[in-house]
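First the structure, in the form of structure tokens, and then the observations on it.
Derivation of every value follows stated rules applied to the coordinates shown; laboratory data play no part. A quick note: this is a predicted structure, and the numbers were derived from the prediction, not measured. All Cβ positions, even for glycine, are placed from backbone atoms using ideal geometry, and neighbour counts span all protein chains on display.
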Amino acid sequence: MGSLFAGIGGFDLGFERAGFKTSWQVEIDPYCQKVLAKNFPEAERFGDIRECGSHNLKPVDVICGGFPCQDISNAGLRAGIEGERSGLWKEYALIILELRPYFIVVENVAALLRRGMGVVLGDH
């Protein structure tokens with residue numbers, strides 16, 4: 001499996017406990033990168049999703065991750081999925097389209113239903 005917006009590896013840990021191997025992780029935060037390196041020493045790690053590109057990522061059966069919610073959340077400015085941070089969904093979608101995994105797990109806030117679910121489901 002591969003992990004986008006990996007954070008400290010919650011999805012990765014769950015998938016590994018279910019028998020999957022984490023091949024790669026994409027996470028920009030330096031602290032989170034250190035936690036990932038400690039807990040998933042065999043996984044390849046990449047920083048900014050805008051710079052890693054699918055050409056660096058090995059094909060996997062599952063891609064998972066929660067793209068930034070700040071522009072979608074009711075607690076945010078509500079710019080929607082085209083906002084500066086939540087707009088990173090486009091990078092996620094591009095990687096999905098290029099790697100074509102069997103399964104995709106996308107996590108986000110409930111407000112995504114009103115501020116971008118159509119885009120997430122319709123991107124191809």
> Where the centre of each part is set by its Cα atoms, how far does segment 69-103 sit from segment 1-28, in angstrom?
Replying inline: 18
> At what distance in nm do the modelled label points of A18 and A110 sit from each other, each positioned 7 Å from its Cα along Cα→Cβ?
Replying inline: 2.3
> How big is the chain by the Kirkwood estimate over distinct Cα pairs, in Å?
Replying inline: 14.6
>> I need the calculated FRET efficiency for the pair E98 and N74, taking r as the beta carbon distance and R₀ as 25 Å, to the nearest 0.05.
In response: 0.15
>> For a quick check: with amide H placed at 1.01 Å from N, whose amide H comes under 5 Å from R45's, ignoring anything fewer than 5 positions away on the same chain?
In response: Q25
> How long, wide and thick is segment 6-76, going by the Cα atoms along their three principal axes, in whole angstroms, largest first?
Replying inline: 36, 27, 25
> Can you give the FRET efficiency for D123 and N39, using 1/(1 + (r/R0)^6), R0 = 30 Å, r = Cβ-Cβ distance, to the nearest 0.05?
Replying inline: 0.45
>> Which one, V26, V60, V105, has the greatest fluctuation when you compute a Gaussian network model over the chain with C-alpha springs under 10 angstrom?
In response: V105
> With springs only between Cα atoms under 10 Å, which of L77, L88, L99 fluctuates most in a Gaussian network model of the chain?
Replying inline: L77
> So for the pair Y31, K58, with labels modelled 7 Å out along Cα→Cβ, what separation do we get in nm?
Replying inline: 3.0
